[in-house]
Every structure is written in structure tokens, then in C-alpha cells.
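Here is the structure we will look at.
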Amino acid sequence: EIESLKKQNEELEQKLGEVGKEKEDEVNELNSKLEASTKEKEDAVNELNSKLEASTKEKEDEVNELNSKLEAATKELQELKEKLETQSTETSAINEKYNALDQDNQKLKTECEQLRNELNEAKAAKEE
């Protein structure tokens, strides 16, 4: 009977070894699948990160270009504003000169009219 139990024990140990080997193979297969899946996901994440970095760089370049254009437009606008103020000042100065000349002209007309009147009076007095 001991021999029979030993034989049964050996058979059970053999079966246990076979089951253990099968389970070990299953675990190894599952680990391989897990590693492959993890690698795929890491690759996908890396690809998305690369695309995001490229897109971000592209957007930053666009923003920098637009900022440069905005700065140039702002500078041009300031220059035009200063030019307009200068022209406005020049126009005011020209208008002041014109008004002064017009006043001088009116005075001269008045003086000329007075001299004509005096001359006409002198002629009339002479004729008498």
C-alpha cells in the first residue's frame, strides 16, 4: 500500500509539475502580451507627444510672426499719428500766417483807400 501511495504521489507530483508548467507558460504568454501592449501604448503616447510638440512649435511660430506684424503695424500707426500731428501743426501755422497776411492785406487796402480819398480830395481842392 505504501508503494501505491508513493506511486500516486509521484503521479500527482508529475501532474502538478505539468500543471505548474502550463500555468507558467500561460503567465509568460500573458506577460509577453502585456509587454507588447505596453510598448504599443508607449509608442502611441510618444507619437502623440511628438505631434503635440510640433503643433505647439508651429503655433508659437505663428504667434511670434503675428506679434512681429502687430509691432510693425503699431509702429507704423504711431509714425502716421506723429506725421498727422506734425501736418496739423503745420496747417495751423500756415493758417495763422494766412490770417496775419490777410489782416495786413486788409490794413493795406484800408490805407490805400484812405490815400485815394485824400488824393481825390486834394485833386478836388486843386481844381477849385
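Within a straight-line Cα-Cα reach of under 28 Å, LYS7 can be paired with the following lysines, leaving aside sequence neighbours fewer than 8 residues apart in one chain: LYS15, LYS21, LYS23.
For the chain, the longest principal axis of the C-alpha atoms and the axis of helix 2-127 are separated by about 0°.
Length, then width, then depth: along the principal axes, the Cα atoms of region 1-45 run 64, 7, 5 Å.
Across LEU52, LEU80, LEU34, mean-square fluctuation computed from a Gaussian network of the chain (C-alpha pairs under 10 Å connected) peaks at LEU34. Here are a few candidate values for mean projected area of the Cα convex hull in nm²: [x] 9.8; [y] 13.8; [z] 8.0. Which one was actually calculated from the structure I just gave you? Read-out taken from this structure: [y]. How large, in percent, is the carbon and sulfur part of the accessible surface of the chain at a probe radius of 1.4 Å? Heavy-atom surface of the chain belonging to carbon and sulfur, 1.4 Å probe: 53 percent.
Average accessible surface for the chain: 96 Å² per residue, computed with a 1.4 Å probe over protein heavy atoms with every protein chain in place. In terms of Cα to Cα distance under 26 Å, which lysines are near enough to LYS75, apart from those fewer than 8 places away along the same chain? Partners within reach: LYS59, LYS83.
The values are calculated or read from the model by the stated rules, or taken from the named source; none is laboratory data. If you're wondering where the values come from, they're calculated on a predicted model, not measured in any experiment. We work out accessible area using only protein heavy atoms, side chains counted, and drop any ligands, DNA or RNA first. Shrake-Rupley method; radii C 1.70, N 1.55, O 1.52, S 1.80 Å.
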